[in-house]
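A short reminder: the numbers here are calculations on the coordinates, not readings from a lab. These numbers were taken from a predicted model, which means no experiment stands behind them. Every residue, glycine among them, receives a Cβ derived from its backbone with ideal geometry; neighbour counts consider all protein chains shown.
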Amino acid sequence: MSRNKQRVNAANNPAAATESITSSQPATLSYVTPTEFVELPSRGMFYPPDHPLHNKEVIEMRYMTAKDEDILTSPSLLKNGLALERLLESLVVDKSIQPKKMLVGDRNALLIAARISGYGEDYSVKMACPACGASADYDVDLSNISSTGMLPDEDSQVQLTDHGTFSTVLPKTNFTVEFRLLTGEDEGYLTQASEKLKKLKLPDATATNLLKRVLVSVNGVNAPSEISHFVDSMPALDARFLRGCVQTVTPNVDMSHEINCASCGAITETAVPFTVQFFWPQ
C-alpha cells in the first residue's frame, strides 16, 4: 500500500516537537501530535458527489496517542465490536467524515496506517495453515502491503457510472443491474446479521445479504423489497457473476500473506486478520 509520508504540524521537524515540550512552562507540558496523509485505495472515485471524500485521493489522520489506546481496551466497545470504529473516528482529522460511511478498503488503509504510526510496520501474528490447520507465528511487513481493485475500461463487463456506482448485464437473465461498493456500515450490518443467524442455528446468508446490500437497482427498479426478492430467486450463475464483479472492482488493501507451513510443508496464502489485537504487538 502506498502511503504519503508527508507530515504536518510538528511532524516535519521532530526537534520542534521536542522544543515545544522543553521550552513550555513546567506545569504546561505540551506535545503537538503529528498527522499524516494516507492515500485512499479508492482515490475518492466511488463516493457520491455529496460525500466529503468525493474525488479525494488522500485523507489526513493523526498519530495514535495513549488516550487512543483506551478505546482499544474499553470493555463495552470491545463487547459491541465498536473499538476500531471509535478509533477511526478519533484519528480522522476532518470530523465531517464519518468512518462508517467510508468504503471498506479505504477504512482498512487507515487502520494499517494507524498501526504503522503507532507501533511500527512489523506485525507478528499467529495464523493457521489452510492445508493442515497447524498454527504458527508469522512476521508481516505492513509497509509492503499494496492496493487491489481494478478500474473498469471500455471493454469491461462492468461500467462505472457518473455517480460512483457500477452497472453490468447479468449473463443468464440479461437484466441490467446497478451496484455500489460496501462501506463500513454495510460490513457491520453483514457481521451482525451473520451472528444473529448463527445464534438461531440457521444457515449463514452472507452471500445473498451482500448482494441485497450493494444492489442499487435491477432493470431500473430500486425498491428494496423487490431487489431482495430478486436476489433470493436469481439464477446461481447470475449471483456468482455479480459477486465476481463486485470483488473485481472493489478497491482494498491486499492482506494476503504466504505461509510456508513447518508442519505439513504446504505453501499457501491466507488473509492477515484485522482484529483489535492488530494494534497490540507482542
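Summary table
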{"read-out": "Pairs of lysines in segment 25-127 (C-alpha under 30 Å apart; 8 or more residues apart or interchain)", "value": "14"}
{"read-out": "Sequence of His51, His229 once ranked by neighbouring C-beta atoms within 10 Å, starting from the fewest", "value": "His229, His51"}
{"read-out": "Separation of the Thr161 and Ala136 label points, Cα + 7 Å toward Cβ, nm", "value": "4.8 nm"}
{"read-out": "Normalised alpha carbon radius of gyration of the chain [divisor 2.2 N^0.38 Å]", "value": "1.14"}
{"read-out": "Relative contact order (percent, whole number), the chain, Cα cutoff 8 Å, 6+ residue spacing", "value": "18 percent"}
{"read-out": "Percent breakdown of C-alpha pair distances by 10 Å bin, ordered from the shortest bin, for segment 150-250", "value": "14, 48, 30, 7, 1"}
{"read-out": "Within segment 54-85: backbone nitrogen closer than 19 Å to the Leu151 label point (7 Å, Cα to C-beta)", "value": "54-59"}
{"read-out": "Whole-Hz ³J(HN,Hα) from phi, Karplus 6.51 cos²θ - 1.76 cosθ + 1.60, for segment 237-251, glycine and proline x", "value": "4, 5, 4, 5, 4, 5, 4, x, 5, 4, 5, 5, 8, 6, x"}
{"read-out": "Modelled FRET efficiency - R0 41 Å, Lys79 with Thr28, Cβ distances, 0.05 increments", "value": "0.65"}
{"read-out": "Residue-span extension gain [Lys201 to Thr248] - 0.36 nm each, minus C-alpha spacing", "value": "13.7 nm"}
{"read-out": "Backbone HN-Hα couplings from phi across segment 255-269 [Karplus 6.51/-1.76/1.60, Hz, Gly and Pro as x]", "value": "9, 6, 9, 7, 10, 10, 6, 6, 7, 10, x, 6, 10, 9, 10"}
